[in-house]
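The values are calculated or read from the model by the stated rules, or taken from the named source; none is laboratory data. A quick note: this is a predicted structure, and the numbers were derived from the prediction, not measured. In this analysis, Cβ positions are derived from the backbone assuming ideal geometry, glycine residues included, and neighbour counts consider all displayed protein chains.
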Amino acid sequence: MVSFSKAVPFVSTVDYSEEEEDESQNLHRSEFHHARDALCSIFLSLALPTIVAVAVLVADVRSLKFTTIHAVVTDNRASISVAVQIVSVILGLLQIEAVDQLFSLATQSHLTKVPTSLGALQFWNGIRSRTMNWNLKPKLFVLLCVYLLLAAIPATIWTGALTPVVTSKNVTSTTRIPQYVNMSLLKEYPSEIGKSGPSLRNDKGFFTYSVGVQYAELLTQTLSTAISDEGSPRHHIKYDNSEFLYIGRSYGLGSSVGLIDDAFLGNSLAKSYQYQERGYESQVSCSYNTSVPFFQIYPNSVEDMLYAAKGYLPDSIKPEYSLYVGHSTDAIVAFGVTAQPIEPTSLTRYFGIGAGKSYQTLNSIQCKVDFLPSTFDVSVNILGRNITVSKASTASDGSAPIPDLNIDQSGKLSHVAMRQIELYSNDLTSIYQSLVGNALNFSISDLQTQKLVNQSVADSNLKETTLAAVEISFAAMLDDIMVGYASAQLMIAKDSTDVPAIITTSAIRFGKSIYIYLIIGINAFVMLLMLEEAIRTRGWRDSSQFDYADFAQLAFASSRGGTELAESMEAIVAEAEREKHSKSKGARIARLLVPWSSYDPQLKVLVRDNGKEQSKDGLGRFTLGIA
């Protein structure tokens, strides 16, 4: 065994100084430069990760989203992913490099105070170089593995913090909607050929002020499909070429969608938009009225195959009167609407139904329609080509609810819209059957089916089902009539106004919040660790300039010990290796006894043989110190 005294306990020191004062000054300057270089090196390693981390944090806190790069990101996903991986690895390596430098400075300082085993030195070197060393003791090997795994985490988290994510961005804009300032064209037009109201046909569709007559087929479809047998919201197409459809009730709104919103529809990034519009919520309530003066069909023909439907309605000044064609009254379904109301400005209107024997369940139905001024949210899904209208709870800017103002103080709009019901029924009764009656029967059947599905039993009260079906069907019909007039105001009368709109566009944001905050946490931890080490080591002035991971410094310093040190160490290691029947440890001396030092001309490498004969590792018997 080579003892501490026999095995060259200290390597001789060569003194290149001529005077002690110069030597002290040189040492001071050397320590100052070393501390300065260490601090600059760590700061440079953390500078770029800190800047990027703060930038993505600010972007996340301010919810910054970018539309200009959306096409680049979505069209080049593979290339963007590769670029993000590269940048993430670089930033992660810089953070880990700062940790490695702190570890290096701490261990260099430790070497000047406490002798360290060469086995531990190998472990330190593995930490510094971030490479696996299979020759370490199990405990140190596990610690090295844990560190290497932890060192890979920052780059992975950076990927989550920098990956572009497709999201949505709300942009404030305006859109045009119809108004009823110019109502000169809004009136009841006769149903005779050549006497209908103004109409317009273009690439956007067909628009008219004779809604009940010109849209008769579409309104019939509305009556027959107003109720779904499974109870889901009604899906119904707009009466133009926009190919948009409503989900649920339209309340007569959303007419401008697809007609004058080309700026939104032409935006490739636009996903949806929303605005508020005032209108009417038409509430229909029906009951049976069997009183004699009520509107009904009289059995005696006025002329050959012509039968009169006449009688009073609750808001009539005079009895209503209209003629219907048929072999008899059996196939006639007549709608009566007040032509001259008692209160022209009233927002409560009435209509009645007179029907023959073939549609007996519809006979003597009286319905009241309340037009309630309301403000609605109109949501337009551009990608799905659908419109959803719902009552607004607050103003478009999120403030308190706005008052529900009447869009037509004269009552003309609600009156003309109601009169279309009578004109419509006049045109759709043939001598054999009533298309209107058939359409209503379809809705009644759908409601019966819906009740059967929901209640698992058939509803025996047909009259209640009939009344409910009529209420739903006519509410839907009135909604579509109001949309027809709103479209005419836009396209024919050009009567419109601007309202605020919020358009939702596709955008890009960087990373997810959880990864961004993790990166900030890692960066802050490293900076706090640096601060703590700087305070503890007085700016690393106590740290040795000898870098054990620098093979040039290690070789140069070790060579000062002469051949006696090397021969003693080789003898001990050779003996240990022979006992283990292995030659693998011989190369470890070569890996440890390397490099260079130009900083401190008085550097000493202190090596001691601890004399632990039971040690199976030859290198483990040595401790190394720096002085």
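At a glance:
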read-out	value
Scan of the range 340-362 for residues that are over 25 Å from Ser374 (Cβ atoms), crowded, with 18+ Cβ neighbours inside 10 Å and in contact with a Lys or Arg (Cβ under 8 Å, 6 or more places away or on another chain), ordered by number	Thr361
Test set (1) in contact with a Leu (Cβ under 7 Å, 6 or more places away or on another chain); (2) surrounded by fewer than 19 Cβ atoms within 10 Å (Cβ to Cβ) - Asn300 fails condition number	(1)
Which listed residue is of a type in the set (Gly, Ala, Ser), over 18 Å from Asn386 (Cβ atoms) and free of Cβ contacts under 8 Å to residues at least 40 places away in the same chain, from Gly326, Gly311, Gly266	Gly266
Identity of the residue in the range 166-201, surrounded by fewer than 14 Cβ atoms within 10 Å (Cβ to Cβ) and aliphatic (A, V, I, L, M), that ends up farthest from Asn381 (Cα to Cα)	Ile193
Flag if Tyr288 is closer than 30 Å to Ser173 by Cβ, under 55 Å from the mean Cα position of the chain (by Cα) and hydroxyl-bearing (Ser, Thr, Tyr)	no
Test: Val333 is in contact with a strand residue (DSSP E or B) (Cβ under 6 Å, 6 or more places away or on another chain), under 30 Å from Ser256 (Cβ atoms) and buried (at least 22 other Cβ atoms within 10 Å of the Cβ)	no
Hey, Val2 among the hydrophobic types (A, V, I, L, M, F, W, C) and modelled with pLDDT of 85 or more or not	no
Where Lys113 falls short, out of the listed (1) outside any helix (DSSP H, G or I); (2) modelled with pLDDT of 80 or more; (3) not hydrophobic (A, V, I, L, M, F, W, C)	(2)
Neighbours by Cβ (under 6 Å, 6+ apart or cross-chain): first from the range 222-241, farther than 29 Å from Lys204 by Cβ; second of a type in the set (Ser, Thr, Tyr)	Ile227/Ser443; Asp229/Thr449
Single residue of Leu39, Leu94 found to be closer than 25 Å to Leu150 by Cα and at pLDDT below 85	Leu39
Number of the exception - Leu447 against (1) at pLDDT 95 or above; (2) within 41 Å of the chain's Cα centre (by Cα); (3) closer than 26 Å to Lys357 by Cβ	(1)
Selection within the range 91-130 - among the basic types (Lys, Arg) and under 19 Å from Trp158 (Cβ atoms)	Arg130
Tally, over the range 281-332, of residues that are in a loop (DSSP other than H, G, I, E, B) and of a type outside the set (Val, Ile, Thr)	16
Looking only at the range 474-526, and only at residues there that are aromatic (Phe, Trp, Tyr) and farther than 30 Å from Glu217 by Cα, the one that is surrounded by the fewest Cβ atoms within 10 Å (Cβ to Cβ)	Phe525
Tally, over the range 126-147, of residues that are hydrophobic (A, V, I, L, M, F, W, C) and surrounded by 15 or more Cβ atoms within 10 Å (Cβ to Cβ)	6
Any hit, the range 166-177, residues being more than 22 Å from Gln489 (Cα to Cα), among the basic types (Lys, Arg) and in contact with a strand residue (DSSP E or B) (Cβ under 6 Å, 6 or more places away or on another chain)	yes
Residue count, the range 209-248 (criterion: of a type in the set (S, T, N, Q) and farther than 17 Å from Asn438 by Cα)	5
Positions within the range 116-159 being modelled with pLDDT of 80 or more and polar (S, T, N, Q), in sequence order	Thr156, Thr159
Residues within the range 333-391 that are of a type outside the set (Phe, Trp, Tyr) and in a strand (DSSP E or B), tallied	32
